[in-house]
Amino acid sequence: MAGGLGVPVFRHPEILPEVGSHRGKGEALSAIVADLPARAGLGEGDIDVAELGDSVPGYVLSRQTTVRGAIEPLAQAYAFDGVESDDTLRFRKRGRAPVASIPSTALVPLAEEETWRERRTQEVDLPERVSVISLNHQMNYQQAVQSEKRIALPIPVMHSRNQVSIELPVALTATTTKQIAARTLALAWIERSSYECILPPDWLRLDPTDVVDFAFPSSAFRTRITRVDIGADFQISLKGVSESAAAYVSTVNA
């Protein structure tokens with residue numbers, strides 16, 4: 001995501017009204033995200049927010065921060081990423097369809113007899129419970145907590161006792177907050193596998209946020225690209241994490 005100037009903003013009158021008055025009418029997520037980089041000097045043509053179709057009931061910045069720091073809570077709540085591509089800062093929703101299927105024969109060796117590197121986070125480091133604290137716009141914008149927990153009884157599905165708490169300065173319904181907790185918990189498990197490989201210049205069109213299928217003779221790895229580095233010989237050093245579009249859809253109720 002883009003960095004930028006620290007902009008002290010304490011309340012946006014069109015987004016979050018005074019507590020105790022009428023409820024806010026909300027604002028388009030695309031409008032909020034486009035406004036923040038504009039404060040750092042980016043022009044309208046430098047920002048692409050076409051994929052951000054959600055409506056935000058309320059959002060507040062209580063202290064001075066960078067533009068990136070201001071966007072990150074929204075990205076966590078509404079599951080999107082930012083990437084610079086073709087001189088444009090593009091914000092893309094998660095859960096995208098794959099843009100390519102790359103055969104294992106196309107990979108350039110990382111080291112002798114190694115073309116694909118996988119790392120997996122230990123289960124004991126994953127969260128057992130995720131709690132999300134948000135502003136409940138149905139309760140006069142008071143802070144409220146919703147949690148999601150992995151099954152522990154009668155048979156535990158994992159052996160971690162880690163508790164994770166996330167605070168979002170976003171006005172949300174209780175059910176939306178619960179679904180964010182469920183999504184975060186699911187993604188922690190899915191993204192425990194991270195991948196690394198090198199591709200030839202034929203794949204220069206790939207950007208971070210793209211989803212790619214890597215096809216091996218006996219298996220396939222659906223990967224969301226998180227980093228792309230281009231070397232002097234135009235070889236592409238690529239890093240990514242395991243991806244599942246189903247993880248971004250939740251029907252749980254508060």
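Entry remark, region 97-130: residues being loosely packed, with under 13 Cβ neighbours inside 10 Å, on the phi < 0 side of the Ramachandran plot and either without any contact (Cβ under 8 Å) to a residue 12 or more places away in the chain or among the hydroxyl-bearing types (S, T, Y) (or both) number 6 in total.
Considering A31, A79, which residue is touching a residue at least 40 places away in the same chain (Cβ under 8 Å) and under 28 Å from A174 (Cβ atoms)?
Details: A31 fails: touching a residue at least 40 places away in the same chain (Cβ under 8 Å).
Criteria check complete, one pass: A79.
Looking only at region 224-248, residues that are part of a helix (DSSP H, G or I) and out of contact with any helix residue (DSSP H, G or I) (no Cβ under 7 Å at 6 or more places or on another chain) come to 2 in all. Checking R94, R68 one by one, the residue that is open to solvent by 30 Å² or more (accessible area, probe 1.4 Å), among the basic types (K, R), in contact with a Phe, Trp or Tyr (Cβ under 8 Å, 6 or more places away or on another chain) and in contact (Cβ under 8 Å) with a residue 12 or more places away in the chain is R94 and no other.
When you look at T65, is it farther than 26 Å from K25 by Cα, more than 12 Å from the chain's Cα centre (by Cα) and of a type in the set (V, I, T), yes or no?
Numbers: farther than 26 Å from K25 by Cα: no; more than 12 Å from the chain's Cα centre (by Cα): yes; of a type in the set (V, I, T): yes.
Criteria not met by T65.
Scanning region 87-107 for residues that are part of a strand (DSSP E or B), touching a helix residue (DSSP H, G or I) at 6+ places or on another chain (Cβ under 9 Å) and closer than 23 Å to L36 by Cβ yields a total of 4. Within region 228-249, residues that are farther than 30 Å from T177 by Cβ and open to solvent by 90 Å² or more (accessible area, probe 1.4 Å) have Cβ atoms under 9 Å from residues that are part of a strand (DSSP E or B) and small (G, A, S) in these pairs: I230/S237, counting only partners at least 6 apart in sequence or on another chain.
For (1) in a loop (DSSP other than H, G, I, E, B); (2) within 23 Å of T88 (Cα to Cα); (3) at pLDDT 95 or above, each residue gets a yes or a no:
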position	(1), (2), (3)
Y195	no, no, yes
P208	yes, yes, yes
F214	no, no, yes
T251	yes, no, no
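Can you tell me which residue is least open to solvent (accessible area, probe 1.4 Å) among those in region 163-215 that are of a type in the set (F, W, Y) and touching a strand residue (DSSP E or B) at 6+ places or on another chain (Cβ under 8 Å)? Taking the candidates together, the pick is F214.
The values are calculated or read from the model by the stated rules, or taken from the named source; none is laboratory data. Just so you know, these numbers come straight off a predicted model, no measurement behind them. Every residue, glycine as well, gets a Cβ built from its backbone with ideal geometry; the counts of neighbours run over all protein chains shown. These accessible areas exclude ligands, DNA and RNA; they are computed on the full protein's heavy atoms, side chains included. Shrake-Rupley method; radii C 1.70, N 1.55, O 1.52, S 1.80 Å.
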